[in-house]
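Q: Before I ask anything, here is the structure I am working with.
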Amino acid sequence: MTTPAAGHDVADLQARVAEVLALARHLGASQAEASASFATGLSVTVRMRSVETLEYQRDQGIGVTLYFGQRKGSASTSDLRPAAIEESVRKAASLARYAAEDACAGLAEPDRLAREIPDLDLWHPWSLDADAAIELATRCEAAALDHDPRITNSEGAAVGSHDGARAYGNSHGFLAGYRETSHSLSCAVLASQGQQMERDFEFTAARDPVELTAAAVVGREAASRALARLGAVKLDTRSAPVLYPARLARGLVGHLVGALSGGALYRRASFLLDSLGTRVLAPHVSIDERPHLPRGLASAPFDDEGVATVDRRLVDAGVIQGYVLGSYSARKLGMASTGNAGGAHNLLVSSSAGAPTFDELLAELGTGFLVTELMGSGVNPVTGDYSRGATGFWVEAGVVRFPVSEVTIAGNLRDMYRDILAVGGDVDVRGGIRSGSILVREMTIAGS
């Protein structure tokens, strides 16, 4: 895969943004901001040892927002020629003149903008052409298909590689950009035994391709996980402890982040309204935001509004220390931006009670449910009610006894967060939330 062509590097994108800001001033805008991006990508899917999809993406665009007092207008274009950019700026200006006034509209406060742009080591291009990507995906799927004769079908192995550059600037004098890459490899297969068929998957993701797990290892792990689910049974309805492995624990933490996000809070659509300074999680659990982790999948030197991203503690000993805010939502709440326009940046979950291994967590679970896959979206962000289809394993005396399918696990997120018994040391770094496995004291498991 080629890297961005000349004329589409960070310096060029910054020049386009500067042109937009200059034209906005000429049109009389009181404030203006613009972002420009360019990205290329290669993705391949191989299914049953044959190429199923081969795609090359080349995306570019520029978005502009102009303010005339408290009136706002936005426009965007994928055409980066000067005439097209000028037309978009003029469209944004005309839209702003018809917009209603909004007291919270406007750029981020100047004193919160990033003054230094750290190099976070986010750009690691991969010279991967189509033939090499196909070979890699084929090798990954073959490792799964050849692992056991009971692996009878495949949803495919996929390779993805993306390389991009972005720039942002505003009329407060901020103008900066950076390049970044992301690479991934995944495999999903089906295991059969008699009339039963079970599916599972494995994946790897990183900024730097050298940090990806080997293709054969990904394939074999996908096969092993699918095979382990054969012979699954349905449980009777009961209450029991539930263990979320690290790959699913990030989703559990993600519901917390959503409830602490400014948009949900000012719309009063969150079960964590007015939770600042209150204990929401178990007292041994803390969550830190680390936006400057080198090569982090959610690392960023500044947010989508140019606000500096900084290390902070979001949850301390179970107590909420801050919200996840951009400038607009912060103003709606009478607060200040936390540098989270566009989302949170690398959340690290930890426990003062230690970092047990996965086997130690199973022992602490004792008798209960190890969930390995969740289905559906049965989470109510307003009430915190939680109900999702699940598969996994029944555990007795700390030992996995048999696979389980077709059950629903239910509870309320407030209770679940307070009832976190332990956070494991088996941290999964393949996302923007880094957490070990999480053990919850009790949930309802609905089955037969």
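Q: Among Gly378, Thr204, Ala249, flag the residue with its Cα farthest along the positive direction of the charge dipole of the chain, charges on Cβ as +1 for Lys/Arg and -1 for Asp/Glu.
A: Of Gly378, Thr204, Ala249, it is Gly378.
Q: Rg and Dmax of the range 159-312, using alpha carbons, in Å: what are they?
A: Final numbers for Rg and Dmax: 21.1, 67 Å.
Q: Is there a quick way to get the dipole size of the range 10-228? I mean about its Cα centre, with the Cβ of Lys and Arg at +1 and of Asp and Glu at -1; what is the value in debye to the nearest 20?
A: 720
Q: Hey, another quick one. Can you pull the one-decimal nm distance between simple spin-label points at Asn380 and Ala103, each 7 Å off the Cα toward Cβ?
A: Label at Asn380, label at Ala103, 3.2 nm between them.
Q: Dipole magnitude of the range 3-86 about its Cα centre, charges +1 at Lys/Arg Cβ and -1 at Asp/Glu Cβ only, in debye to the nearest 20?
A: For this selection, approximately 200 debye.
Q: Only residues of the range 88-120 count here: report those whose backbone N is under 15 Å from the spot 7 Å along Cα→Cβ of Ala336, or say none.
A: 108-115
Q: Is the shape of the range 226-302 best called rounded, prolate or oblate, per the rule: a/c under 1.5 gives rounded, else a/b larger than b/c gives prolate, else oblate, with a ≥ b ≥ c the square roots of the Cα gyration tensor eigenvalues?
A: oblate
Q: I need the phi-derived Karplus couplings for the range 73-80: 6.51 cos²θ - 1.76 cosθ + 1.60, θ = phi - 60°, integer Hz, Gly and Pro marked x.
A: Per residue, the Karplus-derived 3J(HN,Hα) values read x, 10, 8, 8, 8, 9, 9, 8 Hz.
Q: Give me the dipole magnitude in Debye, nearest 20, for the range 238-446 about the Cα centre, with unit charges on the beta carbon: positive for Lys and Arg, negative for Asp and Glu. Write down the numbers at each step before the final one.
A: Working: 19 positive and 20 negative charges, 91 e Å.
Magnitude of the dipole: close to 440 debye.
Q: Along the charge dipole of the chain, which of Leu145, Ser275, Ser88 sits closest to the positive end, that is, farthest toward it, with unit charges on the beta carbon of Lys, Arg, Asp and Glu (+1, +1, -1, -1)?
A: Positive-end residue among those listed: Ser275.
Q: What does the net charge come to around Trp394 if you take all other residues with beta carbon closer than 14 Å to its beta carbon, with K and R at +1 and D and E at -1?
A: +1
Q: Roughly what % of DSSP beta bridges within the chain run antiparallel, to the nearest 5? Each step should come with its number before you reach the end.
A: On the way: 111 of 117 bridges.
Percentage antiparallel, nearest 5: 95.
Q: Using the C-alpha atoms of the chain, what convex hull volume per residue, in cubic angstrom, is computed? Walk me through the numbers before you get to the answer.
A: Values: hull volume 67.4 nm³, N = 448.
Considering the Cα atoms of the chain, their hull volume per residue is 150 Å³.
Q: Over 27 Å apart: what share of the alpha carbon pairs of the range 238-446 falls there, rounded to a whole percent?
A: Above the 27 Å cut-off, the range 238-446 has 30 percent of its Cα pairs.
Q: Please report Rg over Rh for the range 283-375, where both radii come from the alpha carbon positions and Rh follows the Kirkwood definition.
A: Result for the range 283-375 is an Rg/Rh of 1.09.
Q: Enumerate the calculated ³J(HN,Hα) couplings along the range 34-40 in order (Karplus 6.51 cos²θ - 1.76 cosθ + 1.60, θ = phi - 60°), each rounded to whole Hz, writing x wherever the residue is Gly or Pro.
A: After applying 6.51 cos²θ - 1.76 cosθ + 1.60, I find 8, 10, 10, 8, 9, 8, 10 Hz.
Values in this text are rule-based calculations from the coordinates and carry no lab data. None of the values given here were measured: they were computed from a predicted structure. Neighbour counts are summed over all protein chains in view; Cβ atoms, including those assigned to glycine, are modelled from backbone coordinates with ideal geometry.
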